[in-house]
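Trainee: A single structure is presented below for examination.
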């Protein structure tokens with residue numbers, strides 16, 4: 001029996017998650033067509049059992065707000081699965097071309113590198129507000145990394161001649177290399193620096 005491959009092109013055998021905190025939250029079980037149609041949406045932590053590429057496709061469709069503004073919510077953010085699917089396939093091809101490695105492995109490592117470990121919450125005590133550092137939950141760490149990838153890619157392609165697939169591939173490759181040129185890595189460093197100062 002032949003191995004099942006993502007997009008019928010890339011296998012996931014031998015890919016492992018080094019971060020023990022994220023091991024149960026990044027699913028690498030491949031799908032030829034990564035689209036479950038939110039079949040498990042009613043179940044708690046259902047996202048953790050969804051193929052990681054599909055989670056990124058879902059983020060491409062709805063990237064979330066940036067600083068309370070949905071100012072980049074047009075273009076690719078239509079909620080149309082076929083548009084996001086094509087964009088993701090192009091992105092993985094570009095990642096493979098740039099790194100000469102399995103793009104699923106590159107994506108998994110990029111998420112590990114970009115997932116913030118701490119963040120800050122605002123606490124009100126006696127009428128005064130002050131920030132407090134808290135640990136970031138594993139599922140939220142993955143969600144934030146995916147969100148920062150997509151928002152960084154849209155920011156670089158918005159109003160320019162660059163394609164979204166090209167900028168998203170760049171984001172993933174930079175995060176894989178732990179380069180601060182990646183929006184996700186720079187956001188992670190900024191959040192962790194603020195959390196460190198709020199102890």
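Trainee: Checking residue 139 against (1) surrounded by fewer than 16 Cβ atoms within 10 Å (Cβ to Cβ); (2) out of contact with any helix residue (DSSP H, G or I) (no Cβ under 7 Å at 6 or more places or on another chain); (3) under 14 Å from residue 21 (Cβ atoms), which single condition isn't satisfied?
Mentor: Failed condition: (2).
Trainee: Somewhere in the stretch 137-150, is a residue over 12 Å from the mean Cα position of the chain (by Cα) and without any contact (Cβ under 8 Å) to a residue 40 or more places away in the chain? Full working, then the answer.
Mentor: Our first condition is that a residue be over 12 Å from the mean Cα position of the chain (by Cα); within the stretch 137-150, this holds for 137-138.
If we keep only those that are without any contact (Cβ under 8 Å) to a residue 40 or more places away in the chain too, we end up with 137.
So far as the stretch 137-150 goes, yes, one or more of its residues are over 12 Å from the mean Cα position of the chain (by Cα) and without any contact (Cβ under 8 Å) to a residue 40 or more places away in the chain.
Trainee: Still on this model: How many residues are surrounded by 13 or more Cβ atoms within 10 Å (Cβ to Cβ), part of a loop (DSSP other than H, G, I, E, B), touching a residue at least 24 places away in the same chain (Cβ under 8 Å) and touching a strand residue (DSSP E or B) at 6+ places or on another chain (Cβ under 8 Å) if we restrict to the stretch 3-51?
Mentor: Final tally of qualifying residues: 5.
Trainee: How many of the residues in the stretch 52-76 are at pLDDT below 80 and either part of a helix (DSSP H, G or I) or touching a strand residue (DSSP E or B) at 6+ places or on another chain (Cβ under 8 Å) (or both)?
Mentor: 1
Trainee: Look through 133, 110 and report the one residue that is surrounded by 20 or more Cβ atoms within 10 Å (Cβ to Cβ) and either in contact with a strand residue (DSSP E or B) (Cβ under 6 Å, 6 or more places away or on another chain) or touching a residue at least 12 places away in the same chain (Cβ under 8 Å) (or both).
Mentor: Values: 133 fails: surrounded by 20 or more Cβ atoms within 10 Å (Cβ to Cβ).
Residue meeting the stated conditions: 110.
Trainee: Taking the options 87, 92, name whichever one is touching a strand residue (DSSP E or B) at 6+ places or on another chain (Cβ under 9 Å), over 30 Å from residue 194 (Cβ atoms) and surrounded by 16 or more Cβ atoms within 10 Å (Cβ to Cβ).
Mentor: So the residue among 87, 92 that is touching a strand residue (DSSP E or B) at 6+ places or on another chain (Cβ under 9 Å), over 30 Å from residue 194 (Cβ atoms) and surrounded by 16 or more Cβ atoms within 10 Å (Cβ to Cβ) is 92.
Trainee: Determine which single condition residue 104 fails, assuming it passes every other condition in (1) out of contact with any strand residue (DSSP E or B) (no Cβ under 8 Å at 6 or more places or on another chain); (2) under 15 Å from residue 146 (Cα atoms).
Mentor: Result: residue 104 passes all but (1).
Residue-by-condition table, conditions (1) surrounded by 15 or more Cβ atoms within 10 Å (Cβ to Cβ); (2) touching a residue at least 40 places away in the same chain (Cβ under 8 Å):
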site: 115; (1), (2): yes, yes
site: 123; (1), (2): no, no
site: 156; (1), (2): yes, no
site: 167; (1), (2): yes, no
site: 173; (1), (2): yes, yes
site: 187; (1), (2): yes, yes
site: 195; (1), (2): yes, yes
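Trainee: Right, here's the next one. Give the number of residues within the stretch 176-185 that are crowded, with 24+ Cβ neighbours inside 10 Å and more than 20 Å from residue 64 (Cα to Cα).
Mentor: Residues that pass the stated criteria total 1.
Trainee: Condition test on residue 163, is it under 13 Å from the mean Cα position of the chain (by Cα) and surrounded by 14 or more Cβ atoms within 10 Å (Cβ to Cβ)?
Mentor: Answer is no for this residue.
The values are calculated or read from the model by the stated rules, or taken from the named source; none is laboratory data. Remember, predicted model here, so these are calculated numbers, not experimental data. Methodologically, a virtual Cβ is constructed for each residue, glycine included, from the backbone with ideal geometry; neighbour enumeration extends over all protein chains shown.
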